[in-house]
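> Shown below is the structure under consideration.
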Amino acid sequence: QVQLVESGGGLVQAGGSLRLSCAASGRTFSRFAMGWFRQAPGKERELVAAISWSGGTTYYADSVKGRFTISRDNAKNTVYLQMNSLKPEDTAVYYCAAPDRGTIVVVISMYTHWGQGTQVTVSS
């Protein structure tokens with residue numbers, strides 16, 4: 001059983017920064033890709049960023065390119081999402097998730113393990 005626990009959400013003013021963390025347990029973390037998703041009220045859950053098992057390959061949604069950075073520390077079984085220059089439209093519940101493969105996955109249905117989510121609110 002895989003457990004994913006997010007932390008680091010909160011309230012921040014527009015232009016500010018937050019760093020989300022996702023601690024994983026239950027399987028060999030370093031073998032699998034990871035992703036960060038978000039879901040705003042009334043909207044579908046969307047992929048924000050993803051990272052391969054080694055960290056060598058990353059993916060970003062166009063809406064966050066240049067502002068967000070995904071990274072991982074396999075020794076700590078943790079994946080991070082550094083969010084800079086935050087905008088009110090970044091307000092959402094952010095989830096980390098893991099597929100059952102090591103290469104990047106952009107299809108949400110292929111993510112089989114999910115955290116409980118952490119709220120990020122950006123005020124204008």
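> Which order do peptides 24-34, 59-69 fall in by mean Cβ count within 10 Å, highest first?
Details: 24-34: 17.6, 59-69: 14.6.
Order by mean packing, descending: 24-34, 59-69.
> Next question, about the same structure. Go through 90-97, 109-116 and give me the packing order, highest mean Cβ count within 10 Å leading.
Details: 90-97: 22.4, 109-116: 15.1.
Descending packing order for the listed peptides: 90-97, 109-116.
> Continuing with this model, one more query. Tell me, what ³J(HN,Hα) does each residue in the stretch 107-115 have, in order and in whole Hz, if you take phi through Karplus 6.51 cos²θ - 1.76 cosθ + 1.60 with θ = phi - 60° and put x for Gly and Pro?
Once θ is set to phi - 60°, the couplings for the stretch 107-115 become 9, 4, 5, 8, 8, 9, 10, 9, x Hz.
> Cross-link candidates for LYS65: which lysines have Cα within less than 23 Å, leaving aside residues fewer than 8 places away along the same chain?
Counting by Cα, and skipping residues close in sequence, LYS65 has these lysines nearby: LYS43, LYS87.
> With a probe of 1.4 Å, find how much accessible area the chain has per residue, and write the answer as a whole number in Å².
Values: 6120 Å² over 124 residues.
Averaged over the residues of the chain, the accessible area is 49 Å².
> Separate question: Counting only protein heavy atoms and a 1.4 Å probe, tell me what percentage of the chain's accessible area is made up of carbon and sulfur. List each step's numbers first, then the result.
Numbers: 2990 of 6120 Å².
With neighbouring chains kept in place, the figure for the chain is 49 percent.
The values are calculated or read from the model by the stated rules, or taken from the named source; none is laboratory data. This structure is a prediction, so every number in the text was calculated from the model and none was measured. With ideal geometry, Cβ positions are generated from the backbone for all residues, glycine too; neighbour counts draw on all protein chains shown. Each accessible area value is taken on the protein alone, full model and side chains, heavy atoms only, with ligands, DNA and RNA left out. Shrake-Rupley method; radii C 1.70, N 1.55, O 1.52, S 1.80 Å.
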